[in-house]
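Nothing in this text is a laboratory measurement; each read-out follows from the coordinates by a stated rule. Because the structure is predicted, anything quoted here is derived from the model rather than measured. Because the Cβ atoms are built from the backbone with ideal geometry, glycine has one as well, and the counts that use them run over all protein chains shown.
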Amino acid sequence: MNTRSQVTTWEPSDAAIAERYGLRAEEILRFDLNTSPWPSPALPEALAGPFDPPLNEYPDSYYADLTDAAAAYTGVEPDEVVVGAGADEVIDLVAKAFLPAGSAAIVPIPTYSMYGVFTTHRAARIVPVARLSAEHGFGLDVPAMIAALPEVSVVWLCNPNNPTGAADATDDVRAILAAAGELPKPPLVVVDEAYHEFSRTSVVGWRQEFPNLLTIRTMSKAFALAGIRVGYGAAHRSVIEKLERVRPPGSISTVSSHIATAALRSPDYAAANVEALTIEREWLATELAARGWHSTPSICNFLLVRIGDNAAAEAAAEALLRSGIVPRTFGPANPLRGHLRITVRSRPENERLLTAVERLSA
Ligand code: PMP
């Protein structure tokens, strides 16, 4: 496989990592992407088709079946939903529709990196607002965020937050929405609920009270369908209309939309997956702690582990990589520079991680 042409913008492929560490691609285990270790049971039947429209034709540009299924699952009306090729495309649609060049967006730090990426793609400015310390559960600095609201067009919130794994206080999110709503030109407040199925809480029910609120969801986490690239957003119709104006007509394949529709109509698997991964997360956190790797409390399918300073975290990551284990690192400028983020995987895979951690501290 050609790995030489890969640019460094995104996570390297299994093949590129294997080549670098003299391993086989099959030996690489991704603990850096927060995906599910088990495939969705919706897949075999959904992949068998038949597809409507058939695959020699373009997809339905309005993705009516997928939109209906997402609306029913989320408890909103179909015209309160926008679909995208992953939650990432919905984030991109927000940047396209709400962040003209020269505008600004609040990004609480640390958080999911793509808010900053898509904001800068549009030549908009990031207004970073530091989250509180680990001792304060990485909570939102509400007064600082409210102070910054008048200068921005978008507020990016992630709840529960990736990469800290903690939920924001409902009152904090509400206070920010209320303050934004009082401004002459209320900014759009995005609440990315990619890990909603793990937290079992949502602000989607607030969309009438706060017409400047957009909730984002994904099929990539609890639904175990990261490879099909489907996500969606739910909001007051006025927000959806603006996003629909910049949405490309065919970014989700017919196959992907068919699989996502089937999965959303049978969400029991996502719930069971969450249950299994929650048990596994607590087990893994305990086992890691027994080996001196302490994580902050997480309600998601990943753990944030405090290693030491940035050099120590990088050295630990390098040692894991030599065993084919890929953790998520944070650059030296990130407040989490001394941490690794580790996805909760299956028991045998987690055991491989633990063996590698033991080897490293031996
Ligand atoms: N939002 C958050 C908070 C995420 O962690 C991720 C994936 N890591 C995404 C969005 C992107 O999801 P998708 O795969 O649907 O593009």
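Straight Cα distances below 30 angstrom link LYS185 to the lysines LYS96, LYS242, with same-chain residues fewer than 8 positions distant left out. In segment 20-75, one over the average inverse separation of all distinct C-alpha pairs is 15.4 Å, which is the Kirkwood hydrodynamic radius.
Here the sum of -39500 (n - 2.57) over DSSP H runs of 4 or more residues, divided by the residues of the chain, equals -11500 deg cm²/dmol at 222 nm, to the nearest 500.
Amide H contacts of ALA130: ILE109, each under 5 Å away and 5 or more positions distant or on a separate chain (H built 1.01 Å from N in the peptide plane; Pro and chain starts excluded).
Whole-Hz Karplus values for segment 31-38 come out as 9, 10, 10, 6, 8, 8, x, 10 Hz, taken residue by residue from phi with 6.51 cos²θ - 1.76 cosθ + 1.60 and θ = phi - 60°; glycine and proline positions read x.
Along its three principal directions, the equivalent ellipsoid of the chain from the Cα gyration tensor extends over semi-axes of 32, 27, 19 Å, largest first. Shape call for segment 110-244 from the C-alpha gyration tensor, a ≥ b ≥ c root eigenvalues: rounded (a/c under 1.5), prolate (a/b greater than b/c) or oblate? The shape class here is rounded. Here THR120, THR215, THR261, THR9 are placed in order of increasing Cβ neighbour count within 10 Å, fewest first, which gives THR9, THR120, THR261, THR215. Seen through its C-alpha gyration tensor, with square-root eigenvalues sorted a ≥ b ≥ c, segment 19-152 comes out oblate because a/c lies at 1.5 or above while a/b is not bigger than b/c. Fewest-first ordering of SER40, SER13 by other beta carbons within 10 Å of each residue's beta carbon gives SER13, SER40. Classify segment 266-338 as rounded, prolate or oblate from the Cα gyration tensor: take a ≥ b ≥ c as the square roots of its eigenvalues, call it rounded if a/c is under 1.5, otherwise prolate when a/b beats b/c and oblate if not. Judged from the Cα gyration tensor, segment 266-338 comes out prolate (a/c at least 1.5, a/b above b/c).
Our coupling estimate for segment 229-237, obtained by passing each phi through the Karplus curve with A = 6.51, B = -1.76, C = 1.60 and θ = phi - 60°, is 6, 9, x, 7, x, 10, 6, 3, 3 Hz, Gly and Pro reported as x. Note on the chain: with a GNM built from Cα contacts shorter than 10 Å, the maximum mean-square fluctuation among ARG306, ARG200, ARG328 falls on ARG200. Between PRO297, PRO327, PRO184, the Gaussian network model of the chain with springs among Cα atoms under 10 angstrom shows the greatest mean-square fluctuation at PRO184. Computed 3J(HN,Hα) for segment 262-267, one whole-Hz value per residue from the Karplus formula 6.51 cos²θ - 1.76 cosθ + 1.60 where θ = phi - 60°, is 4, 5, 5, 6, 10, x, glycine and proline marked x. Cβ crowding within 10 Å, taken as a proxy for footprinting-reagent exposure, orders GLU349, GLU89, GLU151 from fewest neighbours to most as GLU151, GLU349, GLU89. A viscosity of 1.306 mPa s and a temperature of 10 °C, combined with the Kirkwood radius over Cα pairs in Stokes-Einstein, give a translational diffusion coefficient for segment 133-193 of 133 µm²/s. Remark on ALA104: its backbone amide H falls under 5 Å from those of ARG125, SER153, VAL154, a criterion applied only to residues 5 or more positions apart or on other chains, H modelled at 1.01 Å from N. Counting DSSP beta bridges in the chain, what percent are antiparallel, to the nearest 5? Looking only at bridges with both residues in the chain, the antiparallel portion is about 45 percent.
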